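No lab work stands behind these numbers, since they all come straight from the coordinates. Please read all numbers here as calculations on a predicted model, not as lab measurements. Heads up, the Cβs are rebuilt from the backbone with ideal geometry, glycines too, and the neighbour counts pull from every protein chain shown.
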Amino acid sequence: MEARAIQRTVRQSARKMRLVIDLIRGRAVAEADAILRFSKKRAAKQIHKVLKSAVANAQQAAQRQNTPFDADQLRVKYAVVNEGATLKRFTAAAMGRATPILKRTSHVEIHVASDATPAPAAKAAPAPATNAEPKAKATPKKKTEKKTQKKTKKASK
């Protein structure tokens, strides 16, 4: 069971929101919920709303398909914050000029999926090790080594 939730044009920059979304990516929903509830960041409140919405969407999808639903088995499979439209404003500056103000927005998208994973397949046996080691090649002399050899020959004469 997989569900998603998207919140568009959140009035906070994507850069600040990514700091919070990185904390919950790949975690269990219960753990992500606890992290967001106790986070001091303002972005955590908006991301928490989206997470709750994604869980509710998963529950609704399970009811539609008439399948059992357990919110404790959900994990955050995909969580991303993208940049939204930037609101451009201007404020007064010195000597009659105007200074731009960029009010950034962002889009939050979270996918949750059930944690039920199939049993791991049997791994293939590693290739047998051979005792034959590759032969070492003769390394050519470097130019600097040749120059030092010439200098020492001249000095010895």
Which net charge results for the neighbourhood of T99, defined as the other residues with beta-carbon distances under 14 angstrom from its beta-carbon, given Lys and Arg at +1 and Asp and Glu at -1? +4
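If you put +1 on each Lys and Arg Cβ and -1 on each Asp and Glu Cβ, how big is the dipole of the range 2-114 around its Cα centre, in Debye rounded to 20?
It comes to approximately 780 debye.
Suppose R0 equals 25 Å. What FRET efficiency, 1/(1 + (r/R0)^6) with r the Cβ-Cβ distance, do K77 and K103 give to the nearest 0.05?
Efficiency, from the Cβ-Cβ distance: 0.20.
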By the mean-Cβ-within-10 Å protection proxy, highest first, 9-18, 48-57, 93-102, 62-71 rank as 48-57, 9-18, 62-71, 93-102
Once R0 is set to 41 Å, what does the formula 1/(1 + (r/R0)^6) return for the Cβ-Cβ distance between D115 and R89, expressed as a FRET efficiency to the nearest 0.05? 0.35
Give me the net charge of R37's neighbourhood, meaning all other residues with Cβ under 13 Å from the Cβ of R37; Lys, Arg count +1, Asp, Glu -1. +3
Enter the per residue convex hull volume of the range 2-114, computed from alpha-carbon coordinates, in Å³ rounded to the nearest integer. 89 Å³
Work through the residues other than S53 whose Cβ is under 12 Å from its Cβ and net out their charges, Lys, Arg +1 and Asp, Glu -1. +2
Which entries of K16/K40; K40/K103; K45/K88 show an alpha-carbon separation above 18 angstrom in the structure shown? K40/K103; K45/K88
